[in-house]
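The structure appears below as structure tokens.
The values are calculated or read from the model by the stated rules, or taken from the named source; none is laboratory data. Worth saying up front: this structure is predicted, and the values here are computed from it rather than measured. Cβ placement follows ideal geometry from the backbone for every residue including glycine, while neighbour counts extend to all protein chains displayed. The accessibility values were calculated without ligands, DNA or RNA, using every heavy atom of the protein model including side chains. Shrake-Rupley method; radii C 1.70, N 1.55, O 1.52, S 1.80 Å.
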Amino acid sequence: MGIFDVIYHCRSMRRLKPDPVPEELLLRICEAGNQAPTGSNMQGVRWIIVRDPEQRTRLAELNRKSVLNYVDTRRVDVPHHDPAKRQRMLDAVLWQAEHMGEVPALILACHQWLEAPADDAARAGAGGSVWPAVQNALLAARALGLGATATTLGLVDKPAVREVLGVPDTVEPYVLIPVGYPMGNFGPVTRLPVEETVRYDRWEQ
């Protein structure tokens, strides 16, 4: 696929089949993530690919609790969202919350420091290295015909996540990416026109 075809058709795919994903494809996704630029070229982005059913189930339960709490407290209207379409999105989020343990691979994107523990400023700054890598990974998954969605809700209880995965203090988890073959079809994303999202030189025109 051409790069713009991938970008314009990289829909969040939350309903995923339980069919196993070959290890070489999972590694290609992470390798694509590693091609993104990182601050000072430190290349501190690290990946944990979770395939063990018990581990997936434990992470899925942490995610489910956070999703249900989020949905209960964040039911808001979005001006550019058709209510029916927003409900379909919410249904997909809830479906994922109930079935995440069945997804064949959960990829955790992290950042590793040479020293620990990192302070708040360091953790915030490292996001500038992690998020480009995550976007590369999502685009790579789409190019390979795999569904993927980045979510931070599964990491709300970070101490519990650390315990499940044995993550040391030198490593900070940033986002969870369920990966699998999609149940639905890929299609173009619907986004606001660029003219509504861009300003030149200053906010007030």
### Task
Check the range 114-125 and report whether any residue there is open to solvent by less than 30 Å² (accessible area, probe 1.4 Å) and either among the polar types (S, T, N, Q) or in contact with a Gly (Cβ under 8 Å, 6 or more places away or on another chain) (or both).
no
### Residues located in the range 49-66, provided they are surrounded by fewer than 18 Cβ atoms within 10 Å (Cβ to Cβ) and of a type in the set (V, I, T)
I49, T57
### Message
Could you check the range 9-25 and list, in sequence order, the residues that are of a type outside the set (D, E) and assigned to a helix (DSSP H, G or I)?
### Response
L25
### Task
Inspect all residues belonging to the range 134-142 and state whether any of them is surrounded by fewer than 19 Cβ atoms within 10 Å (Cβ to Cβ) and not charged (D, E, K, R).
yes
### Message
Between L90, L94, L138, L114, which is out of contact with any Phe, Trp or Tyr (no Cβ under 8 Å at 6 or more places or on another chain) and part of a loop (DSSP other than H, G, I, E, B)?
### Response
L114
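Quick check on my filter: what residues within the range 28-48 are open to solvent by 90 Å² or more (accessible area, probe 1.4 Å) and either at pLDDT 95 or above or closer than 17 Å to G145 by Cβ (or both)? Give the steps one after another, and end with the answer.
Initially, the range 28-48 is screened for residues open to solvent by 90 Å² or more (accessible area, probe 1.4 Å), giving 28, 31, 35, 37, 40-43, 46.
Selection gives R28, E31, Q35, R46.
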### Task
Identify the residue in the range 10-22 that is modelled with pLDDT under 90 and open to solvent by less than 60 Å² (accessible area, probe 1.4 Å) and, among all such residues, is nearest to P53 (Cα to Cα).
M13
### Message
Anything in the range 165-199 that is small (G, A, S) and more than 28 Å from C110 (Cα to Cα)? List them, or say none.
### Response
G184, G187
### Query
What pairs can you find where one residue is in the range 26-54 and closer than 11 Å to A137 by Cα and part of a strand (DSSP E or B), the other is among the hydrophobic types (A, V, I, L, M, F, W, C) and open to solvent by 60 Å² or more (accessible area, probe 1.4 Å), and their Cβ atoms are less than 7 Å apart, with a gap of 6+ or different chains?
none
### Task
Search the range 160-205 for residues being among the basic types (K, R) and part of a loop (DSSP other than H, G, I, E, B), and hand back the single one that is surrounded by the fewest Cβ atoms within 10 Å (Cβ to Cβ).
R202
